[in-house]
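I have a structure here, written as structure tokens, and I will follow up with some questions on it.
The values are calculated or read from the model by the stated rules, or taken from the named source; none is laboratory data. For clarity, every value in this text was computed on a predicted model and none was experimentally measured. Backbone-built Cβ (ideal geometry, glycine too); neighbour counts: all protein chains shown. Only protein heavy atoms, including side chains, enter the accessible area calculation; ligands, DNA and RNA are left aside. Shrake-Rupley method; radii C 1.70, N 1.55, O 1.52, S 1.80 Å.
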Amino acid sequence: MIGTEHEYSINDDNFCPLPISDRLIERVAGNVSDEIPFGGVRLSKELQKHVLELVPPPQASLSELELLLQAGVDRMHRCFGDMHFLGLGMHPLLTLDQTTWWDHDEGEYYDAYNRLFNLRQHGWLNIQALQINFPYGDNSGLVQMFNRVRSLIPYLVAVSASSPFVEGRATGYADNRLIYYRDNQKEIPQICNDILPERLSSHRDWVRINRSIYRELKAKKADVLCREWVNSRGAIVRFTRGCIEVKALDEQECIRSDMAMTAFLLALLKSPLTLEDDEAALRALLKTAISSGTDRLQPELQRLCDEAERRASPDQMAYLPVVRQRIEGGSLSQILVQRYRDSGDMRVVLAEADRALRQNIPMLNRS
């Protein structure tokens, strides 16, 4: 069973972000709540008040997951027809004065985070991730799968990068979200560990890592944050759910692209292909992926795509052409930059991303 989580910014007609997630939830439910039933999925708040999240129940196939999620996207557009929604890893135009954080329930968590780290920064208020959750089985399965995911993180980041703009400016990086995410808890570096998780030799290693984080939080009188979800590496173990949660991927422009990234990961989890395991080498690969997307990792990505196609189930194989096109034609980040160069108008680019989400059609390189 596979579960995913998808985050979308709320925008007006000019693609200015609107911090009104509470009002939209109230419009549907009649009261402000952190999560509500929304057809076959759940509609949830996020820390950022200009973002809503769609969370489907886990499904056995990606095609079933896509149908549920696209029905949720369609429902979101019907219920909030006066709004525009965008995926992407960051809102390309947002300035920090345009949004804030959720100010209803769970205030004790946000108060603690704000006291320790200062929430008013892009690394908290302007990040949107595609999260993929899959079961790990027993403890030995956990170790094997987790270490494989760890080795895949740089490549997943390269293919999924979709955050080239910050406050309307192309920074030259393919994945700005991870740059900000990496530093948003720099006061306690152990929480994020520069995104890349440590290699596990036993499930107990993860217990020790979390306990170390909890000790640091308790020393700063932030006991309320001592939960397994506080660990912010690019992949984490969720013992309470019996799953591994992958957090390193940028949200894409539409559900089909999100399913393609998920298919790429799932197919490669079945592969016996030898992957890089050295921590320094993986960090160097991750730095390259964040900087340039797919551009400087072409041979490795082509090899992984070939392997994914060999290992994919028919259900997964249906989505892998999107991955192939992203590897050969550039990540979504690279496509967005090219569209901006062509049009000279960010809102033209965002209107295309808006259509992609509505129609569930990936944005691809035109060349």
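According to the square roots a ≥ b ≥ c of the eigenvalues of the Cα gyration tensor, what is the shape class of the stretch 145-232, taking rounded for a/c under 1.5, prolate for a/b larger than b/c otherwise, and oblate for the remainder? Kindly include the intermediate steps, with their values, before the conclusion.
Values: a/c = 3.42, a/b = 1.41, b/c = 2.42.
Since a/c reaches 1.5 but b/c is at least a/b, the shape of the stretch 145-232 is classed as oblate.
Contact order normalised by length for the chain, with contacts defined as Cα pairs under 8 Å and 6 or more residues apart; what percent is it? Intermediate values should be presented prior to the final figure.
On the way: 699 pairs, mean separation 73.1, N = 367.
Contact order relative to length: 20 percent.
Oh, and also: I need the Kirkwood Rh of the stretch 108-170: take the reciprocal of the average 1/r across all distinct C-alpha pairs and report it in angstrom.
Numbers: mean 1/r = 0.0664 Å⁻¹.
After inverting the mean inverse Cα-Cα distance, the result is 15.1 Å.
Greater than 25 Å separation of Cα atoms is the criterion. Which listed pairs, Lys186/Lys221; Lys220/Lys287; Lys49/Lys287, meet it? Working shown, then result.
On the way: Lys186/Lys221 17 Å; Lys220/Lys287 31 Å; Lys49/Lys287 30 Å.
The answer is Lys220/Lys287; Lys49/Lys287.
So how much slack lies between Asp194 and Lys218, counting 0.36 nm per residue of separation and subtracting their Cα-Cα distance, in nm?
On the way: separation 24, 0.36 × 24 = 8.64 nm, distance 2.13 nm.
Length gained, Asp194 through Lys218: 6.5 nm.
With the Cα gyration tensor of the stretch 178-273 giving a ≥ b ≥ c as the square roots of its eigenvalues, does the rule (a/c under 1.5 for rounded; else a/b larger than b/c for prolate; else oblate) give rounded, prolate or oblate? Present the calculation step by step, with values, prior to reporting the outcome.
Numbers: a/c = 2.25, a/b = 1.56, b/c = 1.44.
Verdict is prolate for the stretch 178-273.
Still on this structure, I have one more. Could you tell me what percent of the accessible area of the chain is made up of carbon and sulfur, with a 1.4 Å probe and every protein chain present?
On the way: 6780 of 14050 Å².
Within the chain, the accessible surface is 48 percent carbon and sulfur.
Could I ask something else about it? Could you give me the ³J(HN,Hα) list for the stretch 234-250, computed from phi with Karplus coefficients 6.51, -1.76, 1.60 and θ = phi - 60°, whole Hz, x at Gly and Pro?
x, 9, 9, 9, 10, 4, 5, 10, x, 9, 9, 10, 9, 10, 7, 8, 5
Hey, another quick one. What does the charge dipole of the stretch 229-367 about its Cα centre add up to, to the nearest 20 debye, if the Cβ of each Lys and Arg holds +1 and the Cβ of each Asp and Glu holds -1? Walk me through the numbers on the way to the answer.
Values: 20 positive and 20 negative charges, 47 e Å.
So the magnitude is around 220 debye.
Could you work out how much longer the chain between Ala351 and Ser61 gets when fully extended? Use 0.36 nm per residue separation minus the Cα distance between them, nm to one decimal. If you can, show how the numbers build up before the last one.
Details: separation 290, 0.36 × 290 = 104.40 nm, distance 3.05 nm.
In short, 101.4 nm is gained.
Please give the contour-minus-distance gain from Thr95 to Lys186: 0.36 nm per residue of separation, less the Cα-Cα distance, rounded to one decimal in nm.
Working: separation 91, 0.36 × 91 = 32.76 nm, distance 2.13 nm.
Difference between extended and current length: 30.6 nm.
Here's another thing I want to ask about it. Tell me, what is the FRET efficiency for Gln359 and Glu328 to the nearest 0.05, using R0 = 25 angstrom and their Cβ-Cβ distance as r? Don't skip to the end; give the middle numbers.
Details: r = 23 Å, r/R0 = 0.91.
Efficiency, rounded to the nearest 0.05: 0.65.
Still on this structure, I have one more. Using the heavy atoms of the protein chains and a 1.4 angstrom probe, tell me the accessible area per residue for the stretch 158-287 in square angstrom.
Numbers: 4920 Å² over 130 residues.
For the stretch 158-287, the solvent-accessible area averages 38 Å² per residue.
What accessible area per residue, rounded to a whole number of Å², is obtained for the stretch 3-157 using a probe radius of 1.4 Å?
Ligands and nucleic acids excluded, the result is 34 Å² per residue.
Within the chain, which complete DSSP H helices have Cα atoms spanning at least 27 Å along the helix axis and a mean Kyte-Doolittle hydropathy of 0.0 or higher?
Qualifying helices: 139-160.
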